[in-house]
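Contents: one structure, followed by commentary.
The values are calculated or read from the model by the stated rules, or taken from the named source; none is laboratory data. The structure displayed is predicted, hence computed values, not measured ones. Ideal geometry is used to build each Cβ from the backbone, glycine not excepted, and the neighbour counts take in all protein chains shown. Side chains are part of the model used for accessible areas, which takes the heavy atoms of the whole protein and leaves out ligands, DNA and RNA. Shrake-Rupley method; radii C 1.70, N 1.55, O 1.52, S 1.80 Å.
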Amino acid sequence: MENPSNQLISDKPLIIAIETSCDETAISILEDLHVISHGVHSQADLHAQYGGVFPTLAKREHARNLTPLLAQTIETFLKQTDIFSDTNCIENDSNRGESQLGESDLRKSKLGDESVYIPTETIEYIESLLAREEGLSASLIDYISKLNAGHFAYIKEKLRGIAVTYGPGLEPALWVGLSFAKALSAILDVPLFPINHMEGHIASVITDTINIKDPEYATSNRLDAIDFPAIALLISGGHTELVEIGSWHEYDVIGHTVDDAVGEAYDKAARVLGLPYPGGPEISKLASIYRESEKRAVDEMPVFTLPRPMLHSQDFNFSFSGLKTAVLYAVRDFKAVHENRELCDLEKQALAAEFEEAVREVLIKKTSKAIDAIGAKTLIIGGGVISNTYLRKKFTELSEKLNINLFIPEKNLTTDNATMIGLVAVLKILAGENGIMPHSPIFNDLKAQGNLSL
Ligand code: KG4
Ligand code: ZN
């Protein structure tokens, strides 16, 4: 079909990005390094009852959420184009602003009201790609076939590819996103860009989550400000890594946790203190109350002292399982001397603050050492744990002390999201990569890789 909006098509890459590696279902649409539309559906409340992420439940939820989230992000994207600017073409309502456009408007725009026709062989290919994902092929085919054909053609023409996380993460969860992305790539006949989730956390620092109409649109990209070599500290529920970055796509993991990840230690310590999952925000809340509390000076407060695992080891590795166990023992020992009494709020706050001090000291020491060893010019920090306000402040102080550029993502880009996955794909396109075309052997053979490393 001819696209009457051809003049709108820029040569900047438009990417639809998908992330399902853990308990967040996320889709973003980016134009170049700028976010046009994004959505995240967190399953954290659902998993809270299990005290951690339950993989088969995560898989089922991703399959349920992907199509509605795609519909929502596409709708937001379309509203931001000037595809509706000829208001005469929107039925009988010349005064209506873009933000009030309803679903019926999206179906009947100036591009006509024809729906998308999907050939039978494409439907069969999509059904085979999504055979293991319950209900997903039906919901996707239903959504696409009801889309306005003009809008579909417009998206297809602008789109440079579909980016998707294929590892590391929970394999059943990764598979849903990967299969969905393959199906979309087949329907739209655009290349697939399989992306490493950890590279996404690194790239999360190069944009703000802003709207295309934001006045800062042209200036908010930080790509040119990042000098190499850089060190990335990646701290999440599944990973604790120090990565040496020579340039984009040139990574060397120089340190990692030998047992639990730092976010995992937060989550487990929180469980010991009877706090809900995810534990990071809970512990950090208690710790900050304690740091600001005047009562902490009172004499009768018990002093909790926790270890700083591997603080003085010669390598760049971390260990956090001993810290979690030390929290368990601290609570047990406390009860033993206090006639089995539970910790009161102030005592829990004291223990949480000591836990956070131990984490801070180890992370800062190892990161400084890595910066020094490689002569890094830039420090990048990514992953859910760096949404922690205290750690952000301490790393900001460190960067001032070491006179090094610090890049920490906006808070909504610290936890898992699809924007960071799209950013990596854009970086790859800028570096000349073309992605993988549907139906090709590499495309068909591409698998989710739970243990993928950088
Ligand atoms: O990056 P992310 O969303 O998912 C993974 O890839 O793991 O990180 C989630 C982790 C959880 O362990 C959570 O407890 C931790 O990040 N987290 C925090 C904070 N907010 C989230 N840890 C410490 N302080 C926080 N404010
Ligand atoms: Zn993550």
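One table, with the values for the structure above:
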read-out: Residues satisfying the stated conditions in the stretch 22-53, i.e. charged (D, E, K, R), outside any helix (DSSP H, G or I) and under 16 Å from residue 278 (Cβ atoms); value: 23, 24
read-out: Lone unmet requirement of (1) assigned to a helix (DSSP H, G or I); (2) over 18 Å from residue 279 (Cβ atoms) for residue 325; value: (2)
read-out: Selection count where residues are without any contact (Cβ under 8 Å) to a residue 60 or more places away in the chain and at positive phi, scope the stretch 374-418; value: 1
read-out: Residues of the stretch 393-427 classified as more than 16 Å from residue 231 (Cα to Cα) and within 16 Å of ligand 1 (Cβ to nearest atom), total; value: 16
read-out: Filter result (within 18 Å of residue 387 (Cα to Cα) and either surrounded by fewer than 23 Cβ atoms within 10 Å (Cβ to Cβ) or in contact with a Leu (Cβ under 9 Å, 6 or more places away or on another chain) (or both)) within the stretch 253-266; value: 262, 265
read-out: Search result, residues across the stretch 324-347 that are within 19 Å of residue 262 (Cα to Cα) and open to solvent by 10 Å² or more (accessible area, probe 1.4 Å); value: 324, 325, 326, 328, 329, 330
read-out: Members of the stretch 72-99 that are at pLDDT 90 or above, surrounded by fewer than 20 Cβ atoms within 10 Å (Cβ to Cβ) and hydrophobic (A, V, I, L, M, F, W, C); value: none
read-out: Residue in the stretch 428-445 that is under 24 Å from residue 176 (Cα atoms), surrounded by 15 or more Cβ atoms within 10 Å (Cβ to Cβ) and within 16 Å of ligand 2 (Cβ to nearest atom) present; value: no
read-out: Complete set of residues in the stretch 16-41 that are in contact (Cβ under 8 Å) with a residue 60 or more places away in the chain and open to solvent by 20 Å² or more (accessible area, probe 1.4 Å); value: 22, 24, 32, 38, 40
read-out: So residue 379, is it open to solvent by less than 10 Å² (accessible area, probe 1.4 Å) and within 15 Å of ligand 1 (Cβ to nearest atom); value: no
read-out: Residue 422 within 16 Å of ligand 2 (Cβ to nearest atom), open to solvent by less than 30 Å² (accessible area, probe 1.4 Å) and in contact with a helix residue (DSSP H, G or I) (Cβ under 6 Å, 6 or more places away or on another chain); value: no
read-out: Residue among 277, 290, 266 that alone is more than 23 Å from the chain's Cα centre (by Cα), within 16 Å of ligand 1 (Cβ to nearest atom) and not in a strand (DSSP E or B); value: 290
read-out: Residues of the stretch 232-252 that turn out to be open to solvent by 30 Å² or more (accessible area, probe 1.4 Å) and within 13 Å of ligand 2 (Cβ to nearest atom), as a count; value: 3
read-out: Condition met for residue 371 (away from ligand 1 (no atom under 16 Å from the Cβ) and at negative phi); value: yes
read-out: Residues (within 21 Å of residue 306 (Cα to Cα) and among the aliphatic types (A, V, I, L, M)) located in the stretch 232-266; value: 235, 258, 261, 262, 265
read-out: Given (1) touching a Pro at 6+ places or on another chain (Cβ under 8 Å); (2) in contact (Cβ under 8 Å) with a residue 40 or more places away in the chain; (3) within 13 Å of ligand 1 (Cβ to nearest atom), number of the condition residue 245 does not satisfy; value: (3)
read-out: Residues satisfying the stated conditions in the stretch 117-163, i.e. buried (at least 20 other Cβ atoms within 10 Å of the Cβ) and assigned to a strand (DSSP E or B); value: 148, 160, 161, 162, 163
read-out: Residues satisfying the stated conditions in the stretch 238-263, i.e. of a type outside the set (Val, Ile, Thr) and farther than 19 Å from residue 395 by Cα; value: 238, 246, 247, 248, 249, 250, 251, 252, 259, 260
read-out: Where residue 387 falls short, out of the listed (1) open to solvent by 80 Å² or more (accessible area, probe 1.4 Å); (2) within 14 Å of ligand 1 (Cβ to nearest atom); value: (1)
read-out: Qualifying residue in the stretch 395-408 (condition: of a type outside the set (Lys, Arg), at pLDDT below 95, closer than 30 Å to residue 181 by Cα and out of contact with any Cys (no Cβ under 9 Å at 6 or more places or on another chain)); value: yes
